[in-house]
Every structure is written in structure tokens, then in C-alpha cells.
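Trainee: Can you keep this structure in mind? I'll have questions shortly.
The values are calculated or read from the model by the stated rules, or taken from the named source; none is laboratory data. Computed from a predicted structure; not experimentally measured.
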Amino acid sequence: MKHTAYLGAALVSVTLALGACSTTSVTTAANQPDPTILLIPVQVNDPALATGCWAQFYSDRDFQGDMATLVGPAVIETVDKDSAKALKRAIDSVSVGPKATLQVYEHSMFRDRTATFAPNTRAGGLVQRLGFGGRIESMKLSCTS
């Protein structure tokens, strides 16, 4: 029990420290907060996820491996900078929240091939499905009411 509490406190501390130290290079709609990328264990209930506008990215097939959560609305022009670096890896599974639509692009600045994931989508095996090897370089996460 002590280890679980310590791990949770450590994750919160690291998340807060990273958020406090980072500058953002993502763009958002007028009067919208900057997107938040959370690196959290799957079982944590976070108030930001309650909105239903989020996407979770997994490094391995069938929702396995490392996970990163993007809370929307968000527009990420490139995953090469600042807090978006958490998404800079091969993504092989994605889960989209009930009030979110995710568009992913092969290259930065929303160029070349794209794929769209509707609300409540769970897609494993993206490396083959996307056709561009799972290397997602930019994305848009939009929210519905």
C-alpha cells in the first residue's frame, strides 16, 4: 500500500513539474486553454477525462505498452517540441473518448496522409492500418458538446 501511494504521488509530482517547466508550441482555438498531455497509468481517474474529449495512445498493438493521453480540444502542429514530445514514438493503438474526434497526419503541419477516428473508437494495429508506419507527426483533437 505504501508503494502504491508513493508511486501515485511521484507521478503527480513529475506531471506537475513537467507542466510547470514546459513552454507550449501547440496552437489552440481562441479563448481555449492549451492542450494537456498526461502520462498516467490506465486505472487513474482524472477529472480531465470526465469531459469525454480525449485520446489515448499506446506504443504497442492491442492497447499494450506505454500510454499517453491527450485532453482536447487540441491542435498539435508537430510532436517534436515541448510537451508534445511525449507522443513522439510509434503509436500502434488509439482509443478516442465519447466526445472527441481525432485526426492524425503523417507529417508535421497537417501534411500528407491522414486518418480520422470518430468518437468512442478503439483501434489497435495502427502501423498496418495507417499505411505510414504508425509515425504520427501532427494531430487535431476536436470536441463535441
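Trainee: Sort out which residues of segment 114-145 are at pLDDT below 85 and not in a loop (DSSP other than H, G, I, E, B), and write them in order of number.
Mentor: Leu126, Val127, Gln128, Arg129, Leu130, Arg135
Trainee: Could you pull out every one of the strands (runs of 3 or more DSSP E) wholly within segment 11-83 that has 2 or more residues that are under 16 Å from the mean Cα position of the chain (by Cα), at negative phi and at pLDDT below 75?
Mentor: Working: elements: 36-38, 54-60, 64-71, 74-76.
So the answer is 36-38.
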